[in-house]
Amino acid sequence: GYRDGALRGEPSAHLPPTAFVSFIQNHDQVGNRALGERLTAIAATPALEAFAAIYLLAPQISLLFMGEEFGASTPFLYFCDFHGELGRAVSEGRRKEFSRFACFGECVPADIPDPNDDGTFEASRLDWSTVARAPHARWLAHYRELLALRRQHIVPLLPDIASGHRWDALPDVGLQVRWQLRDGRALLLDAQLSDTEARREFPTGRLIYELRPSPDPSTRLAWSVRWAIA
């Protein structure tokens, strides 16, 4: 594998949440895919809605990748503007890089866009004309709602969140996280990260946000997310 499994980084459990940046996609992840697909092209909408509801309301600093907020459908390809020997080396190296992945097989040279081709750059431009149309308008409304809730409920808590947090990965593909506040309260997350429902209790508290609420308080619907302050 890359870097031969060498460990990187340093201890960070003592740092506050605002020392970290959270995201679900960025230019490295998308641009370094062979065909520059965004998550909306390769993942199910309910899952992406849930992950957005998690990371945009989590106390870490949120990073949105350009166009993510309206579900941009244009790819973000690896592009550059090199010439001569360097340009040829980059173009050839890009295709050779993906020869390590069996899923591309013999079609690698034809399928990997040339980083130095003007068309590769042009294909990566955002299409702002789509923002007001479905499904992009719905994505934008989802992100706007979450960011407004973040400003209203989460940002005022940030100075009082102690370092560290407690989390539980549940056997039914659920996730619960608790961030302790210095005044004794806690910010709570409960998420069901699968296509199946699950039964579990959620600690009582002041509800901030709920994605896909269930009529039964003890049932967590597929790809549902709940935030509260207890």
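The values are calculated or read from the model by the stated rules, or taken from the named source; none is laboratory data. Being a predicted model, the structure only gives us computed values, none of them experimental. All Cβ positions, glycine included, derive from the backbone under ideal geometry; neighbour counts span all protein chains shown. Side chains included, ligands, DNA and RNA excluded: accessible areas come from the protein's heavy atoms. Shrake-Rupley method; radii C 1.70, N 1.55, O 1.52, S 1.80 Å.
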ask   = Expressed as cubic angstrom per residue, what is the convex hull volume of the alpha carbon set of the range 1-76?
value = 119 Å³
query = Which whole-number percentage describes the relative contact order of the chain, with Cα contacts under 8 Å and a sequence gap of 6 or more?
reply = 18 percent
query = Quick one: ranking Arg150, Arg144 by accessible area, 1.4 Å probe, largest first, what do you get?
reply = Arg144, Arg150
query = Using just the C-alpha positions of the range 104-180 as equal point scatterers, what log10 of I(q)/I(0) does the Debye formula give at each q in 0.15, 0.26 1/Å?
reply = -0.89, -1.17
task = At 7 Å along the Cα-to-beta-carbon direction for both Val21 and Asp168, put a label point, then send me their distance in nm to one decimal.
result = 3.4 nm
query = For Arg182 and Met66 in the same chain, what is the full-extension length gain: residue separation times 0.36 nm, less their Cα-Cα distance, in nm?
reply = 38.3 nm
message = As a test of the formula, what do you get for the chain when each DSSP H run with n ≥ 4 contributes -39,500 (n - 2.57) and the sum is divided by the residue count, at 222 nm and rounded to the nearest 500 deg cm²/dmol?
response = -7000 deg cm²/dmol
query = So, with a 1.4 angstrom probe, what is the percent of accessible area on the range 61-159 that is carbon and sulfur?
reply = 58 percent
remark   = Sorting Gly184, Pro16, His136 by the position of each Cα along the dipole of the chain (Lys, Arg +1; Asp, Glu -1; all at Cβ), the one nearest the positive end of that ordering is Gly184
ask   = In a solvent-free Debye calculation with one equal scatterer on each Cα, what is log10 I(q)/I(0) for the chain at q = 0.15 Å⁻¹, listed in the order of the q values?
value = -1.11
request  = List, in order, the whole-Hz ³J(HN,Hα) value for each residue of the range 60-67 obtained from phi through the Karplus relation with A = 6.51, B = -1.76, C = 1.60 and θ = phi - 60°; use x for Gly and Pro.
outcome  = 5, 6, 8, 10, 9, 7, 3, x
ask   = If you average 1/r over all unlike Cα pairs in the range 119-230 and invert the result, what Kirkwood radius do you get in angstrom?
value = 16.3 Å
inquiry  = As a test question: what accessible area, to the nearest 10 Å², does Ser99 have when a 1.4 Å probe is rolled over all protein chains in place?
reply    = 80 Å²
Long-range HN-HN contacts of Ser62 with modeled amide H, under 5 Å = Ser22
For the range 182-228 versus the range 119-140, the gap between their alpha-carbon centres in whole angstrom = 32 Å
query = Rounded to a whole number, what is D in µm²/s for the range 1-128 from Stokes-Einstein with the Kirkwood radius over alpha-carbon pairs (37 °C, 0.692 mPa s)?
reply = 193 µm²/s
remark   = Karplus-derived 3J(HN,Hα) from phi for the range 217-229 (6.51 cos²θ - 1.76 cosθ + 1.60, θ = phi - 60°), whole Hz, x at Gly and Pro, runs x, 8, 10, 9, 6, 4, 6, 9, 9, 9, 10, 8, 10
inquiry  = What number comes out for accessible area per residue over the chain if the probe is 1.4 Å? Units Å², please.
reply    = 57 Å²
query = Glu85: accessible area at probe 1.4 Å, nearest 10 Å²?
reply = 140 Å²
task = Within the set of other residues whose C-beta is less than 11 Å from the C-beta of Gln29, count the net charge using Lys and Arg as +1 and Asp and Glu as -1.
result = 0
ask   = What angle do you read, to the nearest 10 degrees and between 0 and 90, between the alpha-carbon axis of helix 84-97 and the longest principal axis of the chain?
value = 50 degrees
